[in-house]
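These notes concern the structure reproduced below.
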Amino acid sequence: MEIKLAKFIASNQDVFKCPDINIPEYAFIGRSNVGKSSLINMITNKKKLAKISGQPGKTKLINHFLMDNKWFLVDLPGYGYAKASKQAKNLFKKHIKSYFTHRKQLVCAFVLIDIRHDPLKIDIEFMEWLTRTQNAFNIIFTKSDKLNVNEIEKKIKNYKKVFGEKWERFPEYFITSSKKSIGKENLLTYINLINESVIK
Ligand code: GDP
């Protein structure tokens, strides 16, 4: 499965100024430096669609990309950048919370997590917040090339254990590596399946 046409449409801070087009939308979000820009570039086959950040925490806006004239991929700012100012952190919270609260086209979020880490408080808290606010989410594990198969299995097992203590079921998850181009097919097939069920 390939994306044939990936187009940048708009950057907004205010959810109410985001494109007024009623097509399914998928939000990509995670900690700064998790590999979000690289992943977006990988799945769209474009080297520079999303900027690969020299400086973590750089993407500050709600970025809409139109995929094959069918669905929106939304690149949201990275959270948890230690060096960001308090003002920047508050602004992030305000706009992102507003986005998740008001964006009607949103089908689900993909929360990106670096596979090398054990569950981090900031990610768990964010997913708890998504659950509380009734936002569906799935997990994309990034940078899988940095671990071997056994290590990956161990990390997933650990995640499932932590999730089991808080959630009824483990979300849909995808193991990816932008460096080795792994996981694209599964992810796009999944999005395509949802699109087929929501686009009438
Ligand atoms: P963002 O801040 O979440 O958009 O992250 P970037 O895409 O800018 O990536 C952050 C850093 O991680 C960069 O140095 C990338 O080269 C590196 N990176 C991203 N994806 C991968 C991956 O799949 N494997 C490896 N080994 N490194 C990656």
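Observations on the model:
- Hey, residue 157 farther than 29 Å from residue 15 by Cα and either acidic (Asp, Glu) or surrounded by fewer than 18 Cβ atoms within 10 Å (Cβ to Cβ) (or both) or not: yes
- Failed condition for residue 181, given (1) at positive phi; (2) buried (at least 19 other Cβ atoms within 10 Å of the Cβ); (3) out of contact with any Lys or Arg (no Cβ under 8 Å at 6 or more places or on another chain): (2)
- Exactly one residue among 69, 63, 90 is within 16 Å of the ligand (Cβ to nearest atom) and of a type in the set (S, T, N, Q), and that residue is 63.
- Taking (1) of a type in the set (A, V, I, L, M); (2) touching a strand residue (DSSP E or B) at 6+ places or on another chain (Cβ under 6 Å); (3) at pLDDT 90 or above in turn, residue 5 satisfies each apart from (2).
Yes or no, residue by residue, for (1) part of a helix (DSSP H, G or I); (2) over 20 Å from residue 33 (Cβ atoms):
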position: 99; (1), (2): yes, yes
position: 108; (1), (2): no, yes
position: 112; (1), (2): no, no
position: 116; (1), (2): no, no
position: 125; (1), (2): yes, no
position: 139; (1), (2): no, no
position: 153; (1), (2): yes, yes
position: 159; (1), (2): yes, no
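- So residue 116, is it surrounded by fewer than 19 Cβ atoms within 10 Å (Cβ to Cβ), in contact (Cβ under 8 Å) with a residue 12 or more places away in the chain, at negative phi and within 12 Å of the ligand (Cβ to nearest atom): yes
- Complete set of residues in the stretch 185-200 that are within 16 Å of the ligand (Cβ to nearest atom) and either touching a Pro at 6+ places or on another chain (Cβ under 7 Å) or under 20 Å from residue 155 (Cβ atoms) (or both): 186, 187
- Residues of the stretch 28-45 classified as in contact with an Asp or Glu (Cβ under 8 Å, 6 or more places away or on another chain), of a type outside the set (Ser, Thr, Tyr) and outside any loop (DSSP other than H, G, I, E, B), total: 5
The values are calculated or read from the model by the stated rules, or taken from the named source; none is laboratory data. Everything numeric in this text was worked out from a predicted model, so none of it was measured. Here the Cβ is made from the backbone with ideal geometry for all residues, glycine too, and neighbour counts use every protein chain on show.
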